[in-house]
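As structure tokens, the structure follows; a few thoughts come after it.
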Amino acid sequence: MSRDYRQEYLDFQSSRASKKKRAELNRINHKNNTYGNGDGEDVSHQSDGGTESEDSSTNKGRDEKSRKKGSKRKPFRFWSRKKAEQGILLSPKYKRKKSRVKAQKGLPVFMGFFPEEKKDIMTKSMLEDHLSKTRGQTNEFWEQTGDTIAYHESGPNQRMSPTARQITNNKKKDGVGRGMFMFESKDDVKKDGFETAQKRYSNIAKSKNLGEDPEIMNAKSADELSKDQQYALLYSDLIEGPAKLSDYAEGKMSIEDLWIKGHKKKEVPGDRESFEESRKDSEEGLKKYGLRKGGVVRRKAQKG
């Protein structure tokens, strides 16, 4: 049976180590000024680890151990598949250009190339699932919590608007707060709540082996995002923030405390009264925005 040189190359000569070995021999040939001179000789590796010149036909015709009967040497592509099965990711330098990927479409995977696994993008509903499973209560409970906080943060003039901007004392929309939850934008380098929320969103996505929403990660401020994307950032901020969410779900923490500790981070006089006023109004007010239920019922801390 004739030799299948193409298959031998794919199986045993296409690895990084094999290419490095051949490059070394070519360098020696160039150094000796014998490369391409038509002398009919090759530089080849010897069993003792050294190199020497020998007849080209002898070198190329030598039976490699991999071709001898009883050889246990595994093809290069076998080991690449083995690594993939064990979850060992190959370096990006092994990835082929798109043109080569298209050429290989429909062919068996070989030569260390494995297409990246397409991950599901982490969404608002996925984070609500995570909260209900790890902190307690239901998805609707956490969504209502977000609704109530958004109702308060967006203010009476921009209720529940994803494009809301913080209104300052001069009654202009020139504050650093942006979106339904007034995340401080990247314009404020000293107080960048938006970037913190982005990092927390990314951390949770990686921990759950989910993909990041590129629109969330590339945005400069929250008002560039949709309502659901802003909720995803709020949930991420709460999950990795200092507030103990399980206490809130169990009724041991009020929603005012959750808002102050988990989102606002700093309390000033009048915060609780202002939030409670918004919460009461939200019980009816949220219905105007297509929500089935009003705000979360106020929760008082239980005495130990």
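The values are calculated or read from the model by the stated rules, or taken from the named source; none is laboratory data. Note that the coordinates shown come from a computational prediction; the quantities given were computed from them, not determined experimentally. Cβ: placed from backbone, ideal geometry, glycine included. Neighbour counts: every protein chain shown.
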Which of the residues that make up the stretch 208-230 are among the aliphatic types (A, V, I, L, M) and assigned to a helix (DSSP H, G or I)? 216, 217, 222
Filter the stretch 191-221 down to residues that are in contact with a Ser or Thr (Cβ under 8 Å, 6 or more places away or on another chain), aliphatic (A, V, I, L, M) and in contact (Cβ under 8 Å) with a residue 60 or more places away in the chain, then give me how many there are. 1
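Examine the stretch 171-178 for a residue that is at pLDDT 95 or above, under 20 Å from residue 236 (Cα atoms) and either among the polar types (S, T, N, Q) or crowded, with 22+ Cβ neighbours inside 10 Å (or both), and state whether such a residue exists.
Narrowing the stretch 171-178 to residues at pLDDT 95 or above: none.
Checked against the condition, which is being at pLDDT 95 or above, under 20 Å from residue 236 (Cα atoms) and either among the polar types (S, T, N, Q) or crowded, with 22+ Cβ neighbours inside 10 Å (or both), the stretch 171-178 yields no hits at all.
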Run residue 160 past the list (1) surrounded by 19 or more Cβ atoms within 10 Å (Cβ to Cβ); (2) in a helix (DSSP H, G or I); (3) of a type in the set (A, V, I, L, M, F, W, C) and report the number of the one that doesn't hold. (2)
Read through the list (1) surrounded by fewer than 18 Cβ atoms within 10 Å (Cβ to Cβ); (2) in a helix (DSSP H, G or I), then give the number of the only condition that residue 205 fails. (1)
When you check residue 241 against the structure, is it out of contact with any Leu (no Cβ under 9 Å at 6 or more places or on another chain) and modelled with pLDDT of 90 or more, yes or no? yes
I'd like to check something: does the stretch 129-152 contain any residue that is closer than 21 Å to residue 185 by Cα and surrounded by fewer than 19 Cβ atoms within 10 Å (Cβ to Cβ)? no
If I filter the stretch 180-187 for residues that are buried (at least 17 other Cβ atoms within 10 Å of the Cβ), within 22 Å of the chain's Cα centre (by Cα) and modelled with pLDDT of 90 or more, do I get at least one hit? yes
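Could you say whether any residue in the stretch 170-188 is assigned to a helix (DSSP H, G or I), in contact with a strand residue (DSSP E or B) (Cβ under 8 Å, 6 or more places away or on another chain), under 30 Å from residue 251 (Cα atoms) and of a type outside the set (A, V, I, L, M)? Explain how you work it out, then say what you get.
Taking the stretch 170-188 and keeping what is assigned to a helix (DSSP H, G or I), we get none.
No, the conditions are met nowhere in the stretch 170-188.
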Pairs with Cβ under 7 Å, 6+ apart, first in the stretch 269-288 and free of Cβ contacts under 8 Å to residues at least 24 places away in the same chain and under 14 Å from residue 257 (Cα atoms), second of a type in the set (A, V, I, L, M, F, W, C) and surrounded by 15 or more Cβ atoms within 10 Å (Cβ to Cβ): 271/260
